[in-house]
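**Q** Please find one structure pasted underneath; my questions will follow.
Values in this text are rule-based calculations from the coordinates and carry no lab data. For clarity, every value in this text was computed on a predicted model and none was experimentally measured. So basically every Cβ, Gly included, is an ideal-geometry build from the backbone, and we count neighbours across all protein chains shown.
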Amino acid sequence: MFDAVFFDLDGTLIDTESVAVTTGLAAFAACGHPVDTAFMHGLVGKAEPMAATIIRSALPQLDLVEFHGHWRLGFDAAISQGLPLKTGAAELLGLIAHPMALVTSSGRNSAHHKLGIADLTRHFREIITFDDVTAPKPEPEPYLLAAQRLGVHPSRCLVFEDSDIGAEAAHRAGCVVVQVPDVVPTQGRFAAHVAADLLAGARLAGLI
């Protein structure tokens, strides 16, 4: 049924979104501009330029450079202690025989750093990051590029995503989308299947 399988990274394969929310809250507070969890959830799944636009609009007095410095230090310290995988991630990656690509809104260095900590790099034939595209998620370019690099048609690709932004990107690219929501619930507008975990989503899609 499928020629390739694509995965998002943060919140889909690795449990970084909860860490990002916690350390982000601390960073805003350290800069004198505390926000609530709902505000942090509004940044989930968004590439840094889009997130920066949202932050500037809500907090025009915030020093973004200072904020990102605090957030990066806190986040890096947290994941240096270990980076847990999402439920079923290791088992599913071990079951899939199809070519796989990682498609993330993280920058290249950050993506490879997290993949290394989680020991996931070996699973992926291609790794598409924010730095590889001109129009990141929710635009379809990241998934179209992944399909192009693997030499497959997007309609023959199965995508696992957690966020609506990522699911929209994959859907607009013409892929079949399994959405496993993480910290933010979803109505599954862009997904063929919504599941509680990766293995359940793979079964719904007929992958395993």
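**Q** Between I208 and H153, take the C-beta separation as r, use R0 = 25 Å, and let me know the FRET efficiency to the nearest 0.05.
**A** 0.70
**Q** Take every Cα pair under 8 Å in the range 103-208 that's 6+ residues apart, average their separations, divide by the length, and report that relative contact order as a whole percent.
**A** Reported relative contact order: 18 percent.
**Q** Let me ask another. Over the chain, what portion of Cα pair distances is larger than 32 Å, expressed as a whole percent?
**A** Here the long-distance tail beyond 32 Å is 14 percent of all Cα pairs in the chain.
**Q** Given 4 °C and 1.567 mPa s, compute D for the range 67-162 with the Stokes-Einstein relation, Rh being the Kirkwood radius over Cα pairs; round to the nearest whole µm²/s.
**A** Rounded, D is 88 µm²/s.
**Q** Rounded to the nearest 20 debye, what is the charge dipole size of the chain about its Cα centre when +1 sits on each Lys and Arg Cβ and -1 on each Asp and Glu Cβ?
**A** 360
**Q** Quick one: net charge around S18, please, counting Lys, Arg +1 and Asp, Glu -1 for every other residue with C-beta under 13 Å from its C-beta.
**A** -4
**Q** Which residue, chosen from V180, T37, L73, occupies the Cα position most advanced towards the positive end of the dipole of the chain, where the dipole is computed from +1 (Lys, Arg) and -1 (Asp, Glu) charges on Cβ about the Cα centre?
**A** The one lying farthest along the dipole's positive direction is V180.
**Q** Using alpha-carbon pairs under 8 Å, 6+ residues apart, how would you state the relative contact order of the chain in percent?
**A** Relative contact order here is 26 percent.
**Q** Once the other residues with Cβ under 13 Å from the Cβ of C175 are scored (Lys, Arg +1; Asp, Glu -1), what is the net sum?
**A** My count for the surroundings of C175 gives -2.
**Q** Please identify which residues in the range 41-74 have an amide N closer than 17 Å to a label point set 7 Å out from the Cα of Q81, following the Cα→Cβ vector.
**A** What the label zone holds, given the 17 Å backbone N cut-off, is 71-74.
**Q** Once you put a point 7 Å from the Cα of D197 and another 7 Å from the Cα of R56, both along the Cβ direction, what distance in nm separates them?
**A** Here the modelled spin labels are 4.2 nm apart.
**Q** Quick one: divide the alpha-carbon radius of gyration of the range 19-75 by 2.2 N^0.38 Å and tell me what you get.
**A** 0.97
**Q** Got a sec? Which residues in the range 105-124 would a label at A97 touch, if it sits 7 Å along Cα→Cβ and we count backbone N under 19 Å?
**A** Those under the cut-off are 123-124.
**Q** What is the sum of charges around E126, taking Lys and Arg as +1, Asp and Glu as -1, for the other residues whose C-beta is under 10 Å from the C-beta of E126?
**A** +1
**Q** Once you've got the GNM for the chain with C-alpha springs shorter than 10 Å, pick whichever of A30, A101, A20 has the biggest mean-square fluctuation.
**A** Most flexible of the set in this elastic network: A30.
**Q** Further question on the same structure: Which value, in debye to the nearest 20, gives the size of the charge dipole of the range 60-133 about its Cα centre, when Lys and Arg are +1 and Asp and Glu are -1 at the Cβ?
**A** 220
**Q** Along the Cα→Cβ direction, 7 angstrom out, place labels at D36 and T134. What is the inter-label distance in nm?
**A** Reported label-point gap for D36 and T134 is 4.1 nm.
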